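First the structure, in the form of structure tokens, and then the observations on it.
The values are calculated or read from the model by the stated rules, or taken from the named source; none is laboratory data. All of these numbers come straight from a predicted model, not from anything done at the bench. In this analysis, Cβ positions are derived from the backbone assuming ideal geometry, glycine residues included, and neighbour counts consider all displayed protein chains.
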Amino acid sequence: MHPILQGFILGFIIVLPGMSGGTVFVILGIYEQVIKDLVKLNLKPYIPLVIGAIVGIFLGAMAFSVFFEHHRDATTALLLGCVIASIKPVLKNSPKLNFNRLIIAVIGFLLGYYLVGEPISIVSASKEVSWYLLLMGGALSSAVMIIPGLPGSSVLILFGIYDSLLLYISNLDIINLAIFGIGGLIGILLLVKILENLYNNHRGLVSYSFAGIIFGSSRALLPYDINLLVTVLFILGFSIIWKWSDKE
């Protein structure tokens, strides 16, 4: 498969909350090589992949921003299903639940629940996001995204900037996107190896805390009203991620 097409698939998929970029790399068969090259700062071979990813992210974000603006509850229901189901791949191959890990998960849940704030809406997306939050969100989400099973978009939801980024992409807000992109480069080049080592050495701690954070922060995607369409889309989003996680 051509790297540009690989990048397009990656970009379009990671826009969806619950989707892990690392899982996409595993499925495409390039995960180990990507990690090795990132550590060595061998980035030139990935220029076509990055170009494809930018196009995929742009088209995916455009689609979601349009749906979000005109069909807020339907869109959040789909995304909520994706986020809840993403707990499955996060806990995949993790140690079994015990009392200590349960406590870690509960702490993560409370952290996610109280940090995320109110459910996202098109009104909150129009508010300006501080540059340092964009920078930090870009760094952490990109580093997390590289680890298979961990969805970087959940970091953006936790920071309360997921909907704002959709708006920035759809409006081609170059300044804010550049700040976020710089943070992303920092995360990929400086944090990804640290996070990978932490994940490999403390899988239980990272997995259960992240599962709790995801579950707690999912309240940002709660629909205002529940009806048949909202329920169906929630089930659809849940099913997509649940089935996707088996592919890894």
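Here are the numbers:
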item	result
Among the residues listed as Leu133, Leu140, the single one being within 25 Å of Gly184 (Cα to Cα), modelled with pLDDT of 80 or more and buried (at least 21 other Cβ atoms within 10 Å of the Cβ)	Leu140
The range 161-174 - residue that is in a helix (DSSP H, G or I) and of a type in the set (S, T, N, Q) and, of those, farthest from Ala139 (Cα to Cα)	Ser170
Residue within the range 69-77 that is assigned to a loop (DSSP other than H, G, I, E, B), closer than 17 Å to Ser154 by Cβ and either modelled with pLDDT of 85 or more or out of contact with any Leu (no Cβ under 6 Å at 6 or more places or on another chain) (or both) present	no
Candidates Leu229, Leu233, Leu177, filtered to the one that is within 17 Å of Phe12 (Cα to Cα), part of a helix (DSSP H, G or I), at pLDDT 85 or above and of a type in the set (A, V, I, L, M, F, W, C)	Leu177
Some residue of the range 218-238 being surrounded by fewer than 20 Cβ atoms within 10 Å (Cβ to Cβ) and either of a type in the set (Gly, Ala, Ser) or closer than 14 Å to Val90 by Cβ (or both)	no
Those residues of the range 28-49 which are among the β-branched types (Val, Ile, Thr) and crowded, with 17+ Cβ neighbours inside 10 Å, in sequence order	Ile30, Val34, Ile35
Of all residues in the range 158-174 being among the aliphatic types (A, V, I, L, M), on the phi < 0 side of the Ramachandran plot and modelled with pLDDT of 80 or more, the one that is surrounded by the fewest Cβ atoms within 10 Å (Cβ to Cβ)	Ile174
Pairs, first under 15 Å from Val55 (Cα atoms) in the range 163-176, second of a type in the set (D, E, K, R), C-beta under 9 Å, six or more apart	Ser170/Glu69
Residue list for the range 60-114, filter: closer than 19 Å to Gly11 by Cβ and surrounded by fewer than 17 Cβ atoms within 10 Å (Cβ to Cβ)	Met62, Ala63, Val66, Phe67
Candidate set: the range 203-216, residues that are surrounded by 22 or more Cβ atoms within 10 Å (Cβ to Cβ) and either at pLDDT below 80 or not polar (S, T, N, Q) (or both); chosen: the one farthest from Asp163 (Cα to Cα)	Tyr208
Residues located in the range 194-226, provided they are basic (Lys, Arg) and either more than 18 Å from the chain's Cα centre (by Cα) or outside any helix (DSSP H, G or I) (or both)	Arg203
Selection count, the range 138-155, where residues are touching a residue at least 24 places away in the same chain (Cβ under 8 Å) and part of a helix (DSSP H, G or I)	11
Selection status of Gly52, of a type in the set (Gly, Ala, Ser), within 20 Å of Ile241 (Cα to Cα) and either surrounded by 17 or more Cβ atoms within 10 Å (Cβ to Cβ) or modelled with pLDDT under 85 (or both)	no
